[in-house]
Amino acid sequence: MGGAHRVARYRSQVIAMAIVGTALLAGGCLGASSAIACGNEAFRTGASARLPDCRAFEKVTPADKGAGEDILGSAIPAEDGGALALSTIPRFGPQPQRAGSVLVFRPTPTGWQAISVAPPGLGDGNVSPKLLFDPNLSSVMFGVLSQGVKGYESSAEPFLTGPVGGPYQLATEIPIENGSEQEFEKSAFLDLGGSADLGTVVIPSTDHDLLGTTTGTVPGAYDLYEYSGGPLRQVNVTSAGSTLGSCGAVLGYGTDPSHRALHHAVSADGSKIFFTAPDPRPLLPFEPGCEEPSRLFMRVNQSETVEVSAPEPGVTPPSQSPAFFAGASADGRYVLFTTQMALTQDAEGFTDNELYLYDTQARQLTRVSHGETGTAAGDVGLEEFNQLMGREYGTAISDDGSTIYFLGRGQLTADAPADFGLKLYRYDVASDRTTYIATVTPNSGGRVQLFPTTDGQFLDFVVNSVEGPSLVSVTGRNQVYRYSVAGNQVLCASCPDSASSEGASQPTIEAASGSVLALSSITPMPQVISNDGRFVFFNSRDHLSPEDGSKLNPVGPESPIGETYEWVSAGTEGCTDPGGCRRLLSSGTESSLGSPFVGASADGSNAFFLTHARLVASDTDERNDIYDAHVEGGFAEPTQAAPCSGEACQGQPSPARQFREPGSSGFAGSGNLRPAARCGVLARRARRLAHRARRAKSVKLARRARVLKKRAHRCMRNNRRTSR
């Protein structure tokens, strides 16, 4: 092996200043062949040589992945791009038949290396899918499966927390009663939430005796518990400390993993926790008194509970309707929600969904969807998903709390159409001003995901069509758009120059099945637009670049996703086109589904994607890998030794083999650990596939879901038998 080192990352602003040539490709875009002084030129060889922005390919996943199947699981890039978490099936290494691994990859001077989340002696397959990382993937909280001597029987699921790789400390243990399939299914819906540093974590549980005395909550409903390094504290309580009703609560809002909103349900500093009570899940057994509509509450500093969705003084709603948490600012000052109840005087008489903003500092409620007249009806939300809110469903608040984007059918400004079309609006919190952006058609899944930048100055969204003051775009396919507050301008980032298009996409919260890597339902949304709005990342089935020679084909029920592209704004990295420039980041040689984009760093300098292409010399296997197209990145590739002859080929005699102490000796638990996570993986895949089958009304998918469910049940039965 030759020596290797890694060059330091430079900010793209510096790179842009280093342009010394004017060689332009079509569309005013500076290509890889242009004369840019890249500090990593030594690493921009092979496939990396054509990359824009002084990027170079870095292979994140290891060369030795065992003899198993392709990577299938969930990936979370770190906010700063300096790490990537991967929960993968099958397990990397010599035993691919076991349950998968949960790993965090970090760059070193010679390449990316993995750290197992599991502590020594625990085993990769015993890390629960209930994982919560901090934004830069340095700390984690997770559950442990199969900790007891007899597997699930009368066992508990410990929750560990600490720096990735350990040492960990025990936060709590959640009992799993008798290992029943019912208890296993209920535990799979658990959502963790935490502060930015995981100093405060909220753990939902159906065990109502965790604090030593019963909470009085009905069986099957969740209680919420706060862990801040000491004893657990119950969250869903009144200011006096008594349980808030007997029907449970959920963090943020959610009925199941594919229908929930958690964005900043715990503030960055952990001082505020937003929760919904009663527990709104349809799985909750019927109990007298639990039919009342859910309301939104805030727990402050472990001492005070405030009803956020209460009407302002002097207003009495004529009827009761549930409140739906839609997100909060990072500091917890502003919380967004919807309801059909008239909570303010300017909403009296309205019966459709309205959008409200609660200022937790001023303790003041404002109806956001009042329009420029102050008296308009917003009719907010996506009709297909009833009143569900959040970034998945067309409602988003920027992390700094300055800007709100939302969809509504009401005419809220004079320049908005008066028809029943679905309109995208921007609301400025400081000025109380509403701006009409465009009328849109939801994507093929019926959703409109909104990705605002941290300061709200830019918005990324995927829809089927856009008709507005600054752009009319009707391709008949899903496309990726970028909105800029400056000039109130919408640009299509993914639209091809030709009239026909196969469409584009971006990763979603809801996980996909098959061989496509997607984010798990318990992870945050991926970064698809840089915080300065200059980079937008997406997958396209169109050949938007001359280097794109992919031949995409469906694989079973999975439709092609396409290659990974970036769009850069005019003035960025040599782009002179007023509409921005589209550049290929992945190989352009895929022959099946494509190269799914995983996510990016906040500044856009890291762009992660999954591919079968061998983009660096050290990639020698047939399995897929995750790559990082990294600005000013890259590693020196291994050099081949000169050919040997005669006795020189025999090398030095091998030393006597040394054997380490078994890894299990370092784990202070009882009994042997079993790979029960495999059963959990099968159960989760069955649920996701069944959900997709219902949405697509597909008999074929439903049949596959039933087969997977039977395998999961059989797996759990076998675990119980072998543990006796």
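All of the numbers you see were taken from the coordinates with simple rules; none came from a lab. Because the structure is predicted, anything quoted here is derived from the model rather than measured. Virtual Cβ from ideal backbone geometry, glycine too; neighbours counted across all protein chains shown.
Stretch A156-S228 to full length: gain in nm at 0.36 nm per residue minus the Cα-Cα span?
Working it through step by step, the gained length comes to 23.9 nm.
Amide H of L244 versus every other amide H placed in the peptide plane: which residues, excluding those fewer than 5 positions away on the same chain, fall under 5 Å?
Residues meeting the amide H criterion: V237, T238.
At most 10 other Cβ atoms within 10 Å and a DSSP loop assignment: could you name the GluC sites (Glu not before Pro) in the range 284-381 that fit?
Sparse-neighbourhood loop GluC sites (Glu not before Pro): E291.
With a Förster radius of 30 Å, plug the Cβ-Cβ distance of Q364 and A414 into 1/(1 + (r/R0)^6) and report the FRET value to the nearest 0.05.
Computed FRET efficiency for Q364 and A414 comes out at 0.65.
Give the long-range amide H neighbours of A326: residues separated by 5 or more places, or on another chain, with amide H under 5 Å away, using H modelled in the peptide plane at 1.01 Å from N.
L336, F337, T338
Report, in listed order, any pair from K130/K551; K65/K551; K65/K130; K130/K272 with a Cα-Cα distance greater than 31 Å.
Violating the 31 Å limit, Cα to Cα: K130/K551.
Could you work out the pair-distance distribution P(r) of the range 194-323 from its alpha-carbon pairs, with 10 angstrom bin width and percents rounded to whole numbers?
Whole-percent P(r) values from 0 Å outward: 13, 45, 34, 8, 0.
Is the shape of the range 186-235 rounded, prolate or oblate, going by the alpha carbon gyration tensor and its root eigenvalues a ≥ b ≥ c, with a/c under 1.5 for rounded and a/b larger than b/c for prolate?
oblate
Counting only residues 5 or more places away or on other chains, whose amide H sits under 5 Å from the amide H of L422 once H atoms are built in the peptide plane?
V440
In nm, to one decimal, how far is the Q302 label point from the E41 one, both placed 7 Å along Cα→Cβ?
5.8
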